[in-house]
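Undergrad: Just passing along the structure, written as structure tokens.
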Amino acid sequence: MLSGSLVSLRDMPEPTEDVTFHDEDWYAEDLADRHFVNCTFHRVDLTEATSQGAVFEGCTFGDVAFNVSRHADSAFTRCAFVRCNLFEAEFTGCKLLGSTFDRCDLRPLTVTGGDWSFLTLAGGDLRGARFTGVRMRETDLSGADLTGASLTGCDLSDVQWRGARLSGADLRGSDLAGLDPATVHRAGTVIDVMQAATLARALGFDIRG
């Protein structure tokens with residue numbers, strides 16, 4: 001149901017602004033090139049939906065199912081995700097600048113490329129998640145569970161790590177500027193030689209050949 005109207009998704013002009021979508025069934029919907037601004041999505045089923053080049057600005061997603069959805073070259077900027085299910089969702093080359101995730105099911109999440117900077121994932125369950133070549137500058141990962149996750153080739157500079165669980169996580173090739181090993185659970189965390197030297201210097205070690 002479209003709040004206040006029975007207009008279908010495909011019949012709406014672009015961009016779609018300040019509209020509430022409630023209890024909609026958009027299973028396997030193709031959202032290519034759609035543009036939503038300040039819209040609210042509540043209990044919308046986006047299972048297996050795809051979004052190529054779609055834009056969501058300042059939107060709120062509450063109890064939305066993103067299960068097995070695929071998103072490529074799309075933008076979710078300054079959006080709020082609350083109690084959403086992202087089971088096996090994939091994001092490729094997407095921008096999620098300034099967005100927040102609150103009490104979402106994020107497992108297993110796959111992200112390739114794109115910009116996830118200034119994002120809030122504090123306390124998120126990201127066990128086994130895969131981030132490859134993603135820009136994540138100043139993202140809040142404090143208290144997040146990244147056990148067994150892969151964050152390889154990512155820009156993780158100035159990320160907020162305090163209390164994060166990195167046991168068994170693979171961080172090779174990522175920029176770890178700002179990571180204080182003393183503030184995270186790090187048993188079995190995988191890093192490369194250059195990262196080890198950087199972290200050693202951050203702890204005050206004088207490395208000599």
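Undergrad: Taking the stretch 127-149 on its own, how many of its residues are farther than 21 Å from ALA182 by Cα, of a type in the set (Val, Ile, Thr) and surrounded by fewer than 23 Cβ atoms within 10 Å (Cβ to Cβ)?
TA: Looking only at that region, the number is 1.
Undergrad: Among the residues of the stretch 74-91, are any crowded, with 16+ Cβ neighbours inside 10 Å, farther than 27 Å from MET136 by Cβ, of a type outside the set (D, E, K, R) and in contact with a Ser or Thr (Cβ under 9 Å, 6 or more places away or on another chain)?
TA: no
Undergrad: May I pose another question? Among the candidates GLY188, GLY114, GLY173, single out the residue that is on the phi > 0 side of the Ramachandran plot and surrounded by 17 or more Cβ atoms within 10 Å (Cβ to Cβ).
TA: The match here is GLY114.
Undergrad: Which of the residues that make up the stretch 24-39 are outside any loop (DSSP other than H, G, I, E, B) and either more than 18 Å from THR100 (Cβ to Cβ) or in contact (Cβ under 8 Å) with a residue 24 or more places away in the chain (or both)?
TA: Listed by number, the residues that qualify are ASP25, ASP30, HIS35.
For every residue, the table says whether it meets (1) over 15 Å from LEU46 (Cα atoms); (2) at pLDDT 95 or above; (3) in contact with a Leu (Cβ under 8 Å, 6 or more places away or on another chain); (4) among the basic types (Lys, Arg).
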site	(1), (2), (3), (4)
PHE61	no, yes, no, no
ALA89	no, yes, yes, no
CYS94	yes, yes, no, no
LEU97	yes, yes, yes, no
TRP116	yes, yes, yes, no
VAL134	yes, yes, yes, no
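Undergrad: Hey, does the stretch 78-86 have a residue that's closer than 30 Å to ASP158 by Cα, touching a Lys or Arg at 6+ places or on another chain (Cβ under 6 Å) and at pLDDT 95 or above?
TA: Looking through the stretch 78-86, at least one residue is closer than 30 Å to ASP158 by Cα, touching a Lys or Arg at 6+ places or on another chain (Cβ under 6 Å) and at pLDDT 95 or above.
Undergrad: Additional query: Based on what the data block shows, is ARG201 more than 22 Å from the chain's Cα centre (by Cα) and either buried (at least 17 other Cβ atoms within 10 Å of the Cβ) or among the charged types (D, E, K, R) (or both)?
TA: yes
Undergrad: Taking the stretch 157-181 as the region of interest, how many residues are outside any loop (DSSP other than H, G, I, E, B) and closer than 14 Å to ASP140 by Cβ?
TA: Residues meeting the conditions: 1.
Undergrad: Are there any strands (runs of 3 or more DSSP E) wholly within the stretch 42-90 with 1 or more residues that are polar (S, T, N, Q), under 24 Å from GLU17 (Cβ atoms) and touching a Gly at 6+ places or on another chain (Cβ under 8 Å), and if so which?
TA: 75-77
The values are calculated or read from the model by the stated rules, or taken from the named source; none is laboratory data. What you see is a predicted model, and the numbers here were worked out from it, not measured in a lab. A quick note on method: Cβ atoms are made from the backbone with ideal geometry, for glycine too, and the neighbour counts reach across all protein chains shown.
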